[in-house]
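Chemist: Structure in structure tokens, see below.
The values are calculated or read from the model by the stated rules, or taken from the named source; none is laboratory data. No experiment lies behind these values; they were computed from the predicted model shown. Quick reminder, even Gly has a Cβ in these numbers, built from the backbone with ideal geometry, and neighbours come from all protein chains shown.
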Amino acid sequence: MSARRLDYSAFSFQQLMELDACTRCGECILWCPTYAEKEDEAITPLKKIEHVRRFAGSEYGFLARLFGPRGIDEGELHKHSQGAYDCTLCGRCHTVCPVHIDTRPLWLAMREQLVAAGHFPAIMSEVRERIVTQHNNLGESNANRLAWAGNLEEPPRVVEPPAQAEVLYFVGCVSSLYPMAYSIPQSLAGILRAAAVPFAVMGADEWCCGFPLIIAGMSAEAHALARHNVDAVRAAGAKRLVTTCPSCYHTWREIYPDILGESLGFEVLHAVELLDELLDDGRLRLGEMQQVVTYHDPCDLGRTSGIYEAPRRVLRSIPGITFYEMRDHHDRALCCGGGGDVEMADPELVNMVARRRLLQAEEVGAGVIATACQQCKRTLSGAARKEKIRIRTFDITEIIWEAVQNAGL
Amino acid sequence: MLADRLTVFWISIGITFLLFLPLLGWKIDFWSHGFVRDAHGRRVERGKVRAMLQNAVAAIRRNGFGHVASVFILDGLLHRRLWAVDRFRWLSHFLMLVGFLALFALSVITGFFEEILHGFFGVEGPAVEFITNKNTPLMAVLNESFGLLILIGLLLVLVRRFILRPAQLRTAALDVSTLVLLALIMLTSYPTEAFRLLMENTPPNMAWYSFLGYPLALLLRPLNWNWAIWHYWTFMLHIAACIALALYLPFSKFFHVFISPIIATANALRDEQEAHA
């Protein structure tokens with residue numbers, strides 16, 4: 001046992017109180033998607049809290065106050081780290097916690113603490129290196145950010161200051177650089193043109209929003225990314241910033257004002273909000289689609305950002321669509337497994353969580369899972385292929401674009 | 001020669017209170033390692049507890065006292081989320097909560113009348129007699145009833161944890177130690193009352209208001225023990241368990257009694273605010 005001390009400055013005063021508010025009732029365990037697949041106690045919210053409470057107790061508990069701190073058990077710290085990084089940060093535990101412990105930010109604070117203690121998956125250092133040096137989480141040249149637009153008849157306008165762009169589309173790393181997700185920005189570009197909404201993209205000037213670093217517990221590195229991105233959008237004179245990625249959306253809307261200590265001065269929208277608005281204004285005409293569709297709430301759009309109804313309204317506005325809810329939906333929706341950077345550390349676990357979600361969709365007879373997140377699409381599609389489950393996953397933008405094309409525009 | 005029972009009681013309470021404060025102080029000192037933001041979102045480096053209190057006052061003003069109070073009752077005390085997911089657990093929690101709060105309130109009122117008004121200021125009169133006399137029907141019934149709520153709640157907790165054993169439940173030393181102390185408090189409470197009734201030879205028409213203590217006294221009476229001694233030691237054991245729980249409280253699971261209602265209220269209000277944003 002070493003004499004290691006842990007730093008608690010990543011936690012808020014209230015979060016440290018929340019450690020004491022946990023009654024160890026275990027309700028969270030029943031709802032934890034990763035624990036359901038990998039029965040490692042360290043993953044459970046209850047155990048994560050217990051671990052930190054024990055670490056704190058060995059330094060600041062009754063006996064530690066009387067006889068001096070005991071130091072932290074490295075083995076236990078390692079176990080805690082594994083549990084903390086096997087969490088998808090879906091936040092379902094918060095929605096069922098009888099004492100309303102705000103779990104997701106608590107898990108982030110734990111990861112910050114673990115990074116400060118040097119106990120985190122090695123892959124996270126690589127991700128940090130890629131993002132900080134290449135400004136995207138794949139480590140590709142950032143000049144490739146417009147690869148998705150390569151085969152469009154009319155490529156999007158790339159804003160160059162002082163050029164003005166009222167609506168700026170922040171494409172995000174996954175949609176920009178993973179070929180499997182290219183059709184999402186392609187679809188949104190098509191929809192915006194169909195609705196006569198002038199827009200532009202940032203191209204190579206778009207840097208990773210920093211979300212993968214923030215959720216890895218490396219938020220300090222996200223500041224420079226936030227500064228760059230916000231300055232770039234301001235220089236473009238954008239009034240509205242649109243994202244198709246719920247994590248980028250959350251980062252822009254909630255985290256940037258917080259870490260920069262200033263309001264952005266422009267509106268941040270997720271694509272489903274914009275689609276909802278365009279449909280409400282009658283600016284999009286949708287053709288018929290005969291599909292049985294269910295909707296998968298992305299964690300960062302639903303539980304983290306509180307957007308549940310806009311995507312459902314958008315889907316229900318498509319003629320011919322039969323819409324069913326899965327067993328777990330809205331704030332109780334099951335995670336697809338693709339969040340929390342778990343994919344980088346434990347891809348098999350992600351696949352297992354995604355499989356369970358696919359089975360829920362199969363249960364209601366859906367042929368299509370609609371979602372509003374490129375990562376959910378990747379995760380669910382990948383698992384469907386691997387598990388040979390005959391369900392297709394599409395982003396809402398893809399479905400709406402097809403409906404727009406069906407309308408003959 | 002045994003020390004006067006009530007003298008021991010009040011000295012113990014005084015020491016407990018004196019020790020409890022620094023223990024709580026240690027706890028708050030640990031929480032202060034965390035950051036606090038002021039109303040403008042800036043991190044506060046000094047005076048974190050004051051800033052937290054200011055934030056709490058601001059939240060009450062923003063939401064309105066009535067609304068905060070209703071959220072405190074529904075989410076902080078009655079845990080409506082728990083009602084939605086597990087009625088059995090909700091009931092056991094509810095019984096223990098109501099029993100404890102009511103007994104605590106009753107003890108404070110009795111202590112005030114007995115020790116402050118009567119003992120310190122020498123106030124006499126029917127109201128003082130009504131409150132301080134343990135054989136007053138209403139006081140006897142209330143004490144017994146609230147104790148019974150805790151007892152039933154505790155039994156339900158024990159049944160759930162050790163017999164039903166739902167999959168999500170994890171039992172560790174932390175849980176057992178708290179339950180042992182609670183059980184000790186409850187197991188010494190009714191015998192203490194029974195021994196008091198036997199010691200004072202309370203007439204049946206008055207004693208029956210102690211509807212659990214008196215039947216127990218009737219069961220024990222044939223033993224013909226020295227009831228004064230038994231009453232003294234069960235009372236001491238009861239008080240010792242209460243004091244142990246109070247001192248262990250800031251470092252035990254039972255601390256959630258204080259913290260959970262605050263956290264549940266604060267976060268429920270914030271969730272509401274975000275949902276309406």
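Chemist: If we scan the stretch B:120-136, do we find a residue that is at pLDDT 90 or above, surrounded by fewer than 20 Cβ atoms within 10 Å (Cβ to Cβ) and within 14 Å of chain A (Cβ to nearest Cβ)?
Modeler: Scanning the stretch B:120-136, I find no residue that is at pLDDT 90 or above, surrounded by fewer than 20 Cβ atoms within 10 Å (Cβ to Cβ) and within 14 Å of chain A (Cβ to nearest Cβ), so the answer is no.
Rundown of residues vs (1) aromatic (Phe, Trp, Tyr); (2) surrounded by 24 or more Cβ atoms within 10 Å (Cβ to Cβ); (3) closer than 24 Å to A:Ser176 by Cβ, yes/no style:
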site	(1), (2), (3)
A:Glu325	no, no, no
A:Pro347	no, no, yes
A:Val350	no, yes, yes
A:Ala361	no, yes, no
A:Val364	no, no, no
A:Cys376	no, yes, yes
A:Ala384	no, no, yes
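Chemist: Cβ-Cβ under 7 Å, sequence separation 6+ or interchain: first residue in the stretch B:158-169 and farther than 14 Å from A:Trp31 by Cβ, partner surrounded by 12 or more Cβ atoms within 10 Å (Cβ to Cβ) and among the polar types (S, T, N, Q). Which pairs?
Modeler: If the second residue must be surrounded by 12 or more Cβ atoms within 10 Å (Cβ to Cβ) and among the polar types (S, T, N, Q), the pairs left are B:Arg160/B:Ser92; B:Arg161/B:Thr171.
Chemist: Is it true that some residue in the stretch A:160-171 is free of Cβ contacts under 8 Å to residues at least 24 places away in the same chain and crowded, with 21+ Cβ neighbours inside 10 Å?
Modeler: No, that holds for no residue.
Chemist: Could you check the stretch B:18-36 and list, in sequence order, the residues that are loosely packed, with under 15 Cβ neighbours inside 10 Å and facing another protein chain (nearest Cβ under 8 Å)? Walk me through it before giving the result.
Modeler: The first filter runs over the stretch B:18-36 and keeps only residues loosely packed, with under 15 Cβ neighbours inside 10 Å, leaving B:18-19, B:21-22, B:24-25, B:29.
If the condition is that a residue be loosely packed, with under 15 Cβ neighbours inside 10 Å and facing another protein chain (nearest Cβ under 8 Å), then B:Asp29 is the only one that fits.
Chemist: Also, quick follow-up: Tally time: how many residues in the stretch B:218-274 are within 11 Å of chain A (Cβ to nearest Cβ) and either closer than 29 Å to B:Val176 by Cβ or polar (S, T, N, Q) (or both)?
Modeler: 21
Chemist: Which residue out of A:Leu359, A:Leu349 is over 14 Å from the mean Cα position of the chain (by Cα), assigned to a helix (DSSP H, G or I) and without any contact (Cβ under 8 Å) to a residue 40 or more places away in the chain?
Modeler: Numbers: A:Leu349 fails: without any contact (Cβ under 8 Å) to a residue 40 or more places away in the chain.
Matching residue, one of A:Leu359, A:Leu349: A:Leu359.
Chemist: Moving to a separate point now. Kindly indicate whether any position in the stretch A:182-191 is touching a Cys at 6+ places or on another chain (Cβ under 9 Å), crowded, with 23+ Cβ neighbours inside 10 Å and more than 30 Å from A:Thr103 (Cα to Cα).
Modeler: Restricting attention to the stretch A:182-191, the residues satisfying the condition of being touching a Cys at 6+ places or on another chain (Cβ under 9 Å) are A:184.
Those still in the list that are crowded, with 23+ Cβ neighbours inside 10 Å too: A:184.
Still in the running and more than 30 Å from A:Thr103 (Cα to Cα): A:184.
Yes, the stretch A:182-191 contains a residue that is touching a Cys at 6+ places or on another chain (Cβ under 9 Å), crowded, with 23+ Cβ neighbours inside 10 Å and more than 30 Å from A:Thr103 (Cα to Cα).
Chemist: Could I ask something else about it? Any idea which residue in the stretch A:92-118 is farthest from the other protein chains (Cβ to nearest Cβ), counting only those that are surrounded by fewer than 22 Cβ atoms within 10 Å (Cβ to Cβ) and not in a helix (DSSP H, G or I)?
Modeler: For the stretch A:92-118, the residue satisfying everything is A:Gly118.
Chemist: Return the only residue of A:Ala21, A:Ala10 being facing chain B (nearest Cβ under 7 Å) and hydrophobic (A, V, I, L, M, F, W, C).
Modeler: A:Ala21 is the lone residue from the list that is facing chain B (nearest Cβ under 7 Å) and hydrophobic (A, V, I, L, M, F, W, C).
Chemist: Something else: Inside the stretch B:13-61, can you point out the residues that are modelled with pLDDT of 90 or more, among the basic types (Lys, Arg) and out of contact with any strand residue (DSSP E or B) (no Cβ under 9 Å at 6 or more places or on another chain)?
Modeler: The answer is B:Lys27, B:Arg61.
Chemist: Which is more than 12 Å from chain A (Cβ to nearest Cβ) and among the acidic types (Asp, Glu), of B:Asp4, B:Asp86, B:Asp75?
Modeler: Values: B:Asp86 fails: more than 12 Å from chain A (Cβ to nearest Cβ); B:Asp75 fails: more than 12 Å from chain A (Cβ to nearest Cβ).
The match here is B:Asp4.
Chemist: Could you say whether any residue in the stretch B:95-110 is within 14 Å of chain A (Cβ to nearest Cβ) and within 22 Å of B:Phe254 (Cα to Cα)? Explain how you work it out, then say what you get.
Modeler: Start the filter on the stretch B:95-110 by keeping residues that are within 14 Å of chain A (Cβ to nearest Cβ), which leaves B:96-97.
Filter again for within 22 Å of B:Phe254 (Cα to Cα), leaving B:96-97.
Yes.
Chemist: Just a yes or no: is a residue in the stretch B:46-61 within 25 Å of B:Ala268 (Cα to Cα), touching an Asp or Glu at 6+ places or on another chain (Cβ under 7 Å) and at the interface with chain A (Cβ under 9 Å from one of its Cβ atoms)? Talk me through it step by step, then tell me what you get.
Modeler: As a first pass, look at the stretch B:46-61 and keep what is within 25 Å of B:Ala268 (Cα to Cα): B:48-61.
When the remaining residues are screened for being touching an Asp or Glu at 6+ places or on another chain (Cβ under 7 Å), the result is B:51.
Retained after the next criterion (residues that are at the interface with chain A (Cβ under 9 Å from one of its Cβ atoms)): B:51.
Yes, the stretch B:46-61 contains a residue that is within 25 Å of B:Ala268 (Cα to Cα), touching an Asp or Glu at 6+ places or on another chain (Cβ under 7 Å) and at the interface with chain A (Cβ under 9 Å from one of its Cβ atoms).
Chemist: Every residue in the stretch A:26-36 that is facing another protein chain (nearest Cβ under 7 Å) and either crowded, with 22+ Cβ neighbours inside 10 Å or in a helix (DSSP H, G or I) (or both), please.
Modeler: If we filter the stretch A:26-36 for residues that are facing another protein chain (nearest Cβ under 7 Å), which is where we start, we get A:26-27, A:29-30.
Scanning the stretch A:26-36 gives A:Glu27, A:Ile29, A:Leu30.
Chemist: Which one of B:Leu82, B:Leu74 is at pLDDT 95 or above and under 30 Å from B:Gln168 (Cα atoms)? Explain how you work it out, then say what you get.
Modeler: On the way: B:Leu82 fails: at pLDDT 95 or above.
Result of the check over B:Leu82, B:Leu74: B:Leu74.
Chemist: Which number in (1) touching a residue at least 12 places away in the same chain (Cβ under 8 Å); (2) facing chain B (nearest Cβ under 8 Å) marks the one condition that A:Phe62 misses?
Modeler: Result: A:Phe62 passes all but (1).
Chemist: I need the full set of residues from the stretch A:37-54 which are in a helix (DSSP H, G or I) and either more than 11 Å from every other protein chain (Cβ to nearest Cβ) or of a type in the set (Asp, Glu) (or both), in order please. Reasoning before the result, please.
Modeler: Taking the stretch A:37-54 first, the residues in a helix (DSSP H, G or I) are A:37, A:41-43, A:45-54.
The answer is A:Glu37, A:Glu41, A:Ala42, A:Ile43, A:Lys48, A:Ile49, A:Glu50, A:His51, A:Val52.
Chemist: So, one more: Residue check: is A:Ala354 crowded, with 16+ Cβ neighbours inside 10 Å, touching a residue at least 24 places away in the same chain (Cβ under 8 Å) and not in a helix (DSSP H, G or I)? First the steps, then the outcome.
Modeler: On the way: crowded, with 16+ Cβ neighbours inside 10 Å: yes; touching a residue at least 24 places away in the same chain (Cβ under 8 Å): yes; not in a helix (DSSP H, G or I): no.
When the stated conditions are applied, A:Ala354 does not pass them.
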